[in-house]
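The values are calculated or read from the model by the stated rules, or taken from the named source; none is laboratory data. None of the values given here were measured: they were computed from a predicted structure. Every residue, glycine as well, gets a Cβ built from its backbone with ideal geometry; the counts of neighbours run over all protein chains shown.
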Amino acid sequence: MTSNQKRQSDYYCPVLASVKIDSSNALDLVKEYTKKQPIDLLILDIDGNDINVMESLLGGIFPRVVVVEFEKRFGPTACVRLKPEHISQDGLFLDADKKIHGSGSASIAAWISLFNKFNYRLIAASSSTINLFFMHNDEGADYFPEKKPSTIFDALPALKFVPDDYWLTPDNSCWEQYGE
């Protein structure tokens, strides 16, 4: 190959987009920006409407790996998400209530419930305790086994030293049960 020839590749440049997104337009926008190319990595961070947008996306695209924020203050078992009426038109948290100003709009169990419906497994969490990593079950099972929520929480050193009043229990003020 000469220096003037372009090498053909199966790799594509990353697509970065800054657009207003919600569950009604998410799938169309992603398809428009990706031009129907396969998605290797999808990171969703929209502070409020995340789980609703992700649910609409997974109805039509299947990235190999997905990264989302989660509300860690519910611990590994509560399966809850932020009620839709607590999300503004911009997709942000509406209330100034400290109960909803965490790092995500859904608990780890709620995210697992959603992703399980679309053939994904939880494989890791960031050491900063903010992000969860899910991988499609058709990808890398030998290298990235499924993790249990309790294993994720036990492996996060930052969570071992938080005061008791840090943790939340699901209530009906801002949160609702989600999934199974």
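Numbers at a glance
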item: Residue within the stretch 97-107 that is out of contact with any Lys or Arg (no Cβ under 6 Å at 6 or more places or on another chain), surrounded by 11 or more Cβ atoms within 10 Å (Cβ to Cβ), assigned to a helix (DSSP H, G or I) and modelled with pLDDT under 90 present; result: yes
item: Some residue of the stretch 124-136 being surrounded by 12 or more Cβ atoms within 10 Å (Cβ to Cβ), more than 14 Å from the chain's Cα centre (by Cα) and more than 17 Å from L42 (Cα to Cα); result: no
item: Meets criteria (within 17 Å of G75 (Cα to Cα), touching a helix residue (DSSP H, G or I) at 6+ places or on another chain (Cβ under 9 Å) and either modelled with pLDDT under 95 or surrounded by 11 or more Cβ atoms within 10 Å (Cβ to Cβ) (or both)) for Y120; result: no
item: Unmet requirement for V68, which otherwise passes all of (1) touching a residue at least 40 places away in the same chain (Cβ under 8 Å); (2) farther than 12 Å from F134 by Cα; (3) in contact with a Gly (Cβ under 9 Å, 6 or more places away or on another chain); result: (2)
item: Residue list for the stretch 1-31, filter: of a type in the set (K, R), assigned to a loop (DSSP other than H, G, I, E, B) and at pLDDT 75 or above; result: K20
